[in-house]
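My structure is below; once you've seen it, I'll send some questions.
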């Protein structure tokens, strides 16, 4: 696995999923001189804190955070190998890299076994996911309007490959499916979660249950 060869270019297309399920492309540019100095996890966390303090709009936050994630993964190759093999019973595993009390930030790697899929859910927090290895199909959903028969509606999907970064606003609804015969490994970053607003959705009725 070598993420670096996939994301060393200075201009990249990343993806932003909004609360209504719309997946928007946008370009992020990193300074080539950044690679001359190691960008370590502690610097990354400090830069993130500055963004969280000074920028309150989640969409703008995410557009500022994604280049930092790319820079961190380019500079700190060790992060690519900080994961556990997927649990054979659940089909996935989570390795927490950073989770400090009273600081609204969680950093982790997630490994999904081939053939695994997630329920339809939101995170009730902004999130950034960088694919390190494998392929992951994201499906994007929207709660149907009151004039319809109810439920939720799929409004799009995207296949993510190694080196691609996708971010989500807090109420964006998605589900994921591992594509191919290899596990999918990702680097995940989440803001403070409002657990009362974190839901799993029934695909038929649209009923939302806390999880």
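When you go through (1) in contact (Cβ under 8 Å) with a residue 60 or more places away in the chain; (2) over 25 Å from residue 45 (Cβ atoms); (3) in a loop (DSSP other than H, G, I, E, B); (4) touching a strand residue (DSSP E or B) at 6+ places or on another chain (Cβ under 7 Å) one by one for residue 162, which number turns out not to apply?
(2)
If you check residue 209 against the conditions, is it part of a loop (DSSP other than H, G, I, E, B) and either modelled with pLDDT under 95 or surrounded by fewer than 19 Cβ atoms within 10 Å (Cβ to Cβ) (or both)?
So residue 209 does not fit the description; no.
Does the stretch 172-197 hold any residues that are in a loop (DSSP other than H, G, I, E, B), more than 13 Å from the chain's Cα centre (by Cα), modelled with pLDDT of 90 or more and buried (at least 16 other Cβ atoms within 10 Å of the Cβ), and which are they?
Residue satisfying the conditions is 183 alone.
The values are calculated or read from the model by the stated rules, or taken from the named source; none is laboratory data. Fair warning: this is a prediction, and the values are worked out from it, not measured in the lab. Reconstructed Cβ throughout: ideal geometry from the backbone, glycine too, with neighbour counts over all protein chains shown.
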